[in-house]
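See structure below.
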Amino acid sequence: MVSATKQGHSPTPASLAATAVAAARWLLGRVRTLSLRVLAALRRRWRTSLQFRTVLVTLVISFIAVVGVGAFLSNQIANGLFQERLQQSKQESARGATQVQESFNNAQLSDLPSVSTYVRDTLKLLEVGGSDDNRKYVMVKIPGQTNSLAVTSSDSGGITSAIIPDALRKAVQNNATGQLWQSIGLPSGPSAVHPAIVMGSQVSLLGTNYELYLIYDLQSAQNTLNYIQSVMWLVGAMLLVLIGGIVWYVTRTVVAPVRQAAEVSEQLADGELQERMAVRGEDEMARLAVSFNRMATSLQDQITALGTLSQMQQRFVSDVSHELRTPLTTVRMAAEVLFDARDSFDPINKRSAELLYHQVERFQSLLADLLEISRFDAGAAVLDLESAEMFSIIHNVIEGASPVADATGSELSVVSGLPGGCIADVDPRRIDRILRNLVLNALEHGEGRPVKVFVSADRHAVAIAVRDYGIGMSEAAIGRVFDRFWRADPARARTTGGSGLGLSIAMEDTRLHGGWLEAWGREGEGSCFRLTLPRHRGMVLAHSPMHLPPDGGSATAGAVALHTAPVTTATGSIRVVGALGTMEPAPGSEPPLVDHGGKGSGS
């Protein structure tokens with residue numbers, strides 16, 4: 001019977017290396033991501049917190065000051081300790097060299113072994129008697145001498161002439177009477193190196209000159225310096241913490257009321273008019289809180305009074321408008337009867353019947369506008385969104401405005417790069433009202449010149465601009481054109497009448513859609529109104545797919561030869577001229593633009 005066993009495959013070095021590299025990359029990626037998040041949080045905190053900026057700047061300045069003062073004091077202390085140890089070493093070295101030379105001068109020796117023993121015993125005395133009993137020596141024969149009784153070298157245990165710098169040895173060899181020194185690193189143990197000072201001079205024995213070096217270990221002074229430095233850095237760190245705590249407390253005392261004032265201001269801006277700041281103490285911050293609360297109370301009273309007055313005005317307009325509908329209907333029925341029978345009247349009564357009929361119509365239009373405004377003011381206006389073909393709405397508007405266009409002698413045309421149609425989620429009734437108002441205004445002020453309706457769209461928005469080349473508007477007029485009951489020239493004769501509420505209602509309809517309604521104009525060159533709407537419900541506008549004005553503001557731009565193509569709509573076909581994309585605004589031709597849609601305008 002043969003049994004088979006599965007053998008596991010051990011990982012190869014290459015696979016282990018690849019795994020390690022992948023793990024290292026993942027770890028580096030995590031560290032980088034965490035670092036970026038920390039930096040982003042610090043930047044955000046720096047931008048949004050005055051207290052954080054104050055504490056951080058104070059700590060940075062204090063850290064620089066502590067480091068600078070600590071480095072200066074540490075350097076001064078280190079120089080002081082070194083100079084003190086150097087002077088002490090010079091004195092001890094001079095005294096030791098003198099003693100050795102005197103001992104060598106009294107030596108009476110005749111063989112090399114006795115000379116070696118005498119030298120070793122004499123130099124042994126140099127290892128003791130110093131300030132810290134940590135003195136070593138090396139004595140080396142100066143090269144070039146051939147005395148038979150001369151020893152080659154003698155040193156303390158573990159100390160050789162190799163640690164003596166060559167520059168110092170040459171200087172000592174050339175100076176028979178002076179004493180020279182140099183700082184060195186003294187090996188101590190397998191890897192440690194202690195700071196040390198080497199003092200060198202010449203001595204002679206039995207006619208042979210030697211280099212005598214005394215080595216002073218400065219590790220005890222270094223330990224003292226390290227201790228002083230650690231104490232200084234510890235004190236510096238404690239000082240930084242203390243300064244940071246003091247600055248944090250002081251700034252918190254000042255910033256906390258300011259932060260509270262900002263929070264209360266935001267709540268007041270959100271309509272919570274009853275919010276007030278807490279008053280603590282009698283200092284400047286307390287007086288600021290008292291003044292702020294007094295201001296908030298005054299604003300609350302004024303806003304409440306204005307709100308009450310506004311509600312009364314809205315209720316008055318709404319009530320009056322509703323109350324006038326019944327008698328106005330009766331008056332209109334009587335005016336229609338008189339108007340239909342005007343041919344049987346004498347000329348004076350006939351004219352009176354015609355005036356009565358037309359003025360009752362204007363009165364009814366004004367009443368309808370007032371009712372619509374009251375709905376907007378009461379927040380009762382709602383959208384009835386549906387997917388609508390924009391060209392169908394434009395066709396209805398142009399068809400309804402054609403009698404006015406014929407009366408004024410203006411030519412109505414549509415300029416678009418969308419021959420395939422354009423679908424958008426809108427309330428057709430309100431869009432029809434907006435465009436009808438814009439087109440009728442353009443015909444009224446166009447002075448018989450052409451009126452063009454430009455249409456453009458992309459995936460996010462649809463834009464419709466109504467452009468005339470008539471009297472135009474001044475910059476001041478552009479700023480007030482959407483105000484209620486405002487007219488650029490109240491004395492100007494008007495052929496179609498109007499209540500002065502049409503553009504205000506158009507603006508409210510646009511806002512309900514989340515769109516923009518913007519005005520452009522130049523005196524003598526005409527005006528243009530651009531309506532920009534989100535293509536689908538829920539979208540937020542960020543740009544407009546059309547320039548304002550679309551033709552660059554030139555009165556002659558409309559004379560460009562363009563091709564003509566029909567667009568079939570739900571109610572028929574309309575003539576579409578040209579492609580909007582071929583028209584670009586001239587550089588620097590766009591005058592001041594006023595955005596009345598609550599957003600910035602795109603291009």
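The values are calculated or read from the model by the stated rules, or taken from the named source; none is laboratory data. Predicted model only: the values in this text are computed from it and were never measured. Reconstructed Cβ throughout: ideal geometry from the backbone, glycine too, with neighbour counts over all protein chains shown. Only protein heavy atoms, including side chains, enter the accessible area calculation; ligands, DNA and RNA are left aside. Shrake-Rupley method; radii C 1.70, N 1.55, O 1.52, S 1.80 Å.
For segment 265-283, the set of residues classified as outside any loop (DSSP other than H, G, I, E, B) and open to solvent by less than 70 Å² (accessible area, probe 1.4 Å) consists of SER265, GLN267, LEU268, listed by residue number.
Restricting attention to segment 45-93, report how many residues are assigned to a helix (DSSP H, G or I) and farther than 30 Å from TRP181 by Cα.
The total comes to 24.
Out of VAL151, VAL67, I need the residue that is surrounded by 12 or more Cβ atoms within 10 Å (Cβ to Cβ) and in contact (Cβ under 8 Å) with a residue 60 or more places away in the chain. Which one?
It is VAL67.
Can you name every residue in segment 188-228 that is closer than 21 Å to ALA162 by Cα, small (Gly, Ala, Ser) and within 56 Å of the chain's Cα centre (by Cα)? SER191, ALA192 - these are the residues of segment 188-228 that are closer than 21 Å to ALA162 by Cα, small (Gly, Ala, Ser) and within 56 Å of the chain's Cα centre (by Cα).
If you take the residues of segment 514-532 that are part of a loop (DSSP other than H, G, I, E, B) and touching a Pro at 6+ places or on another chain (Cβ under 7 Å), which of them is modelled with the highest pLDDT? Going through the qualifying residues, I end up with GLY515.
Close Cβ contacts (under 9 Å, 6 or more residues apart or on different chains) running from residues in segment 279-302 that are among the charged types (D, E, K, R) to residues that are in a helix (DSSP H, G or I) and open to solvent by less than 60 Å² (accessible area, probe 1.4 Å) comprise ARG280/PRO257; ARG280/ALA286; ARG280/ALA289.
Residue count for segment 8-52, restricted to those that are within 30 Å of THR251 (Cα to Cα), at pLDDT 85 or above and not hydrophobic (A, V, I, L, M, F, W, C): 4.
Tell me whether segment 327-340 contains one or more residues that are of a type in the set (A, V, I, L, M), modelled with pLDDT under 80, within 30 Å of ARG429 (Cβ to Cβ) and open to solvent by 60 Å² or more (accessible area, probe 1.4 Å). Yes, segment 327-340 contains a residue that is of a type in the set (A, V, I, L, M), modelled with pLDDT under 80, within 30 Å of ARG429 (Cβ to Cβ) and open to solvent by 60 Å² or more (accessible area, probe 1.4 Å).
Across segment 117-137, the qualifying residues are those that are in a loop (DSSP other than H, G, I, E, B) and surrounded by fewer than 15 Cβ atoms within 10 Å (Cβ to Cβ), and the one among them that is modelled with the highest pLDDT is VAL128. Scan segment 426-442 and tell me whether some residue there is small (Gly, Ala, Ser), over 29 Å from HIS536 (Cα atoms) and touching a residue at least 24 places away in the same chain (Cβ under 8 Å). So far as segment 426-442 goes, no, none of its residues is small (Gly, Ala, Ser), over 29 Å from HIS536 (Cα atoms) and touching a residue at least 24 places away in the same chain (Cβ under 8 Å). The set of residues in segment 422-445 being more than 17 Å from GLU386 (Cα to Cα) and more than 42 Å from the chain's Cα centre (by Cα) consists of ARG436, ASN437, VAL439, LEU440, ASN441, ALA442, LEU443, GLU444, HIS445. Scanning segment 96-111 for residues that are surrounded by 13 or more Cβ atoms within 10 Å (Cβ to Cβ) and assigned to a helix (DSSP H, G or I) yields GLY96, ALA97, GLN99, VAL100, GLN101, SER103, PHE104.
Of all residues in segment 152-187, those that are closer than 22 Å to GLN222 by Cα and assigned to a loop (DSSP other than H, G, I, E, B) total 4.
The strands (runs of 3 or more DSSP E) found wholly in segment 415-487 and carrying at least 1 residues that are open to solvent by 20 Å² or more (accessible area, probe 1.4 Å) and modelled with pLDDT of 85 or more occupy 423-426, 451-457. As a summary of the residue check, PHE376 satisfies the conditions (1) at pLDDT 85 or above; (2) in a helix (DSSP H, G or I); (3) crowded, with 17+ Cβ neighbours inside 10 Å; (4) of a type outside the set (S, T, N, Q) except for the one numbered (1).
Restricting ARG433, ARG484, ARG467 to those that are of a type outside the set (A, V, I, L, M, F, W, C) and touching a strand residue (DSSP E or B) at 6+ places or on another chain (Cβ under 9 Å) reduces the list to ARG467. Looking at ASN209, ASN226, just one residue is open to solvent by 40 Å² or more (accessible area, probe 1.4 Å) and in contact with a strand residue (DSSP E or B) (Cβ under 9 Å, 6 or more places away or on another chain), and that residue is ASN209.
Under 6 Å between Cβ atoms, at least 6 apart or on separate chains: pull out the pairs that start in segment 168-194 with a residue that is modelled with pLDDT under 90 and end on any residue that is open to solvent by less than 60 Å² (accessible area, probe 1.4 Å) and among the polar types (S, T, N, Q). Between residues of segment 168-194 that are modelled with pLDDT under 90 and residues that are open to solvent by less than 60 Å² (accessible area, probe 1.4 Å) and among the polar types (S, T, N, Q), the close pairs are ALA176/GLN202; GLN179/SER201; HIS194/SER188; HIS194/GLN219. The residues in segment 232-260 that are within 27 Å of the chain's Cα centre (by Cα) and among the hydrophobic types (A, V, I, L, M, F, W, C) can be counted, and the count is 6.
If we scan segment 265-278, do we find a residue that is among the polar types (S, T, N, Q), in contact with a helix residue (DSSP H, G or I) (Cβ under 9 Å, 6 or more places away or on another chain), without any contact (Cβ under 8 Å) to a residue 24 or more places away in the chain and farther than 30 Å from VAL67 by Cα? Yes, some residue in segment 265-278 is among the polar types (S, T, N, Q), in contact with a helix residue (DSSP H, G or I) (Cβ under 9 Å, 6 or more places away or on another chain), without any contact (Cβ under 8 Å) to a residue 24 or more places away in the chain and farther than 30 Å from VAL67 by Cα.
Going by what's in this entry, would MET312 be described as modelled with pLDDT under 80, exposed (fewer than 12 other Cβ atoms within 10 Å of the Cβ) and within 28 Å of ILE373 (Cβ to Cβ)? So MET312 passes the test. The residues of segment 512-526 that are under 14 Å from GLY470 (Cβ atoms) and either open to solvent by 10 Å² or more (accessible area, probe 1.4 Å) or among the basic types (Lys, Arg) (or both), listed by number, are ARG522, GLU523, GLY524, GLU525.
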